[in-house]
Structure formats: structure tokens, C-alpha cells
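The values are calculated or read from the model by the stated rules, or taken from the named source; none is laboratory data. Small disclaimer: the values here were computed from a predicted structure and weren't measured. FYI the Cβ positions are ideal-geometry reconstructions off the backbone, even for glycines, and counts take in every protein chain you see.
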Amino acid sequence: MNIPWAIKRQLTYLALFLVIVFGMIVFLAFRAFAPTCFDNKQNQNEQGIDCGGPCQNQCKGDIKNLIVPWANVFKIDENLYEAIALVDNPNLRLAIPSISYQLKLYDKNNVLIAVRDGETFINSGEAFPIFETDIDTGNRVPERAFIEFKNDFKWEIVEKEKMQLVVSKKEFVNDPSPRLYIVIDNKSALPAKDIYAVAVLYDKDNNVKGASSSRIDIVAAGGSKSVVFTWPQPFVEELLSNDVFFRTGFGI
């Protein structure tokens, strides 16, 4: 029996349509049952349920707490103070793109007298200072500073190459007004932009005695730049060492 050509063509189109529909059903079924980082199962070489291995989320058991080695407060004018806290992230692959904090100042009786709210990011494996200035305490005198992070820690795995900024020269002068002169070398293959730098001064017992910050627009790849940090009054104590911390942005 001869099938008309028009009917053959329709049957061919129908067969192609059924093949496409069947393929889509198989694809969607595979997507529905394929392991993901959101299926509430430990699969695809994950270290925990939807964490570790190929997943962006880090398993909570592997996350180390932030460390605050020190925090300090300094008088800069009548009723005005600045506070600084060093924060150390020991997680070498984990970072937080945004987190809120409070720097709190307490008097000698441990009474809270001032609070400064702020927001920052935390890069992986980074030790960095949080530095706040012009904190008004009224007629109260602060004796110590404390930093507290406010919201949930939303850790992310970050493996970007970090900017390689090093200090090649340093010179501190206390009189007639304190100044720290440094030269920054950019060892990276890319220019470093919008650099936030904080200099910290220490006495012979390694106590923090002062801090100062500066913004640097750009240091070319393989280039250098001179920066000066200043303080309003000479220090009475003998200052024997200093550190300079650099931050260029989240993940870099």
C-alpha cells in the first residue's frame, strides 16, 4: 500500500516532534535528580550537606572564628577620640563581602560611653585594622575599646589573586610633629587602585600607641609611591616599631 507523500511528511514531522519532546523530558528529569549544592544531600564529593568540595558554601565545622589580637583608643582633641582594632581572619579561602560592626568605648568603670557603627568586608587570610576617628565621648574618658560584629557571618570561598603591596622604605620622625614616611612597591601584574592604608605605632613593649590612615588613588603595576602618615602631637613614649596595613577591595 502506497502512503501519500503529504502523509509521509506529516509522519516525519511528528516523529521529530516526539524525539524532541522525549529529549526534553529526559533532560529535565536528569536536572531534577542530578546532585546540586542545594538538594539537602551530601553528594558529588561534598564534605558536608551542600557544602565543601564543588560547593561555594564552606562547611561550618571548617570555619575558624575571627581573632581580635588587640583594640585600643587614643585621644585626639577635647572629648574626641579615635579607636582601632586589629581583626585577623585565619580562614585562608573564606571571605565575607559585607559585614556590620560596632566599635564600643568603655570608661574605667567598664561603662559604655560611645558606640561607632560601621560596615566592612573581610578578605581571606587577612589581618586588617578597623580604624574610626572623631568619636565624641562628651565629658567621659574612655579607657578601652571593644569591637563586635553584628550580623550573621556569610562566608564565601574566594580564590582571587591578591595585590602584592610591600613597604620598601620607612622612616619615622617624632619632632617637631610625628611623621611616618614610607614607599609602597606594587609587585602585582595589575595596578592597585583605591588603596586604604593604616599605619600603627608601637612602644618598646609592643603596645599600640598611635594610628593614622591614608588613601592612595593608584600605584601602577611594578611601580612605587611615597606616602606620609601624620599625628598632631609628638609622642612622649619611645616608639620602636611600626606596621602598615593595606586594603584594596573585596577579594583582592
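Which of the residues belonging to region 153-181 are closer than 29 Å to Val73 by Cβ, among the β-branched types (Val, Ile, Thr) and surrounded by 15 or more Cβ atoms within 10 Å (Cβ to Cβ)?
Scanning region 153-181 gives a single hit, Val167.
Out of all the residues in region 137-152, which are exposed (fewer than 14 other Cβ atoms within 10 Å of the Cβ) and under 16 Å from Glu119 (Cβ atoms)?
Of everything in region 137-152, those that are exposed (fewer than 14 other Cβ atoms within 10 Å of the Cβ) and under 16 Å from Glu119 (Cβ atoms) turn out to be Glu148, Lys150, Asn151, Asp152.
I'd like to check something: does region 192-200 contain any residue that is assigned by TED's automatic domain parsing to the domain that holds Ser177 and surrounded by fewer than 12 Cβ atoms within 10 Å (Cβ to Cβ)? Let's see the steps before the verdict.
Initial filter on region 192-200 (assigned by TED's automatic domain parsing to the domain that holds Ser177): 192-200.
Filter once more, so that each one left must be surrounded by fewer than 12 Cβ atoms within 10 Å (Cβ to Cβ): 194.
Yes: one or more hits.
Within region 122-140, track down each residue that is outside any strand (DSSP E or B) and either under 24 Å from Pro90 (Cβ atoms) or outside the structural domain of Asp107 (by TED's automatic domain parsing) (or both).
Filtering region 122-140 for residues outside any strand (DSSP E or B) gives 123-126, 137-140.
Matches in region 122-140: Asn123, Ser124, Gly125, Glu126.
So, in region 92-109, of the ones that are farther than 17 Å from Arg247 by Cα and either among the hydrophobic types (A, V, I, L, M, F, W, C) or out of contact with any Asp or Glu (no Cβ under 7 Å at 6 or more places or on another chain) (or both), which residue ends up surrounded by the fewest Cβ atoms within 10 Å (Cβ to Cβ)?
Per the stated criteria, the residue is Asn109.
Does region 82-95 contain at least one residue that is within 18 Å of the chain's Cα centre (by Cα), of a type in the set (Gly, Ala, Ser) and not assigned by TED's automatic domain parsing to the domain that holds Gly210?
Here is the first cut: in region 82-95, the ones within 18 Å of the chain's Cα centre (by Cα) are 84-95.
Right, trim to of a type in the set (Gly, Ala, Ser) and you get 85, 95.
After this cut, where a residue has to be not assigned by TED's automatic domain parsing to the domain that holds Gly210 as well, the list is 85, 95.
Yes, region 82-95 has at least one match.
Of all residues in region 8-45, count the ones that are at pLDDT 70 or above and more than 30 Å from Cys55 (Cα to Cα).
13
Looking at Leu112 and the list (1) surrounded by 13 or more Cβ atoms within 10 Å (Cβ to Cβ); (2) at pLDDT 95 or above, which single condition is not satisfied?
Only one criterion in (1) surrounded by 13 or more Cβ atoms within 10 Å (Cβ to Cβ); (2) at pLDDT 95 or above is unmet by Leu112, namely (1).
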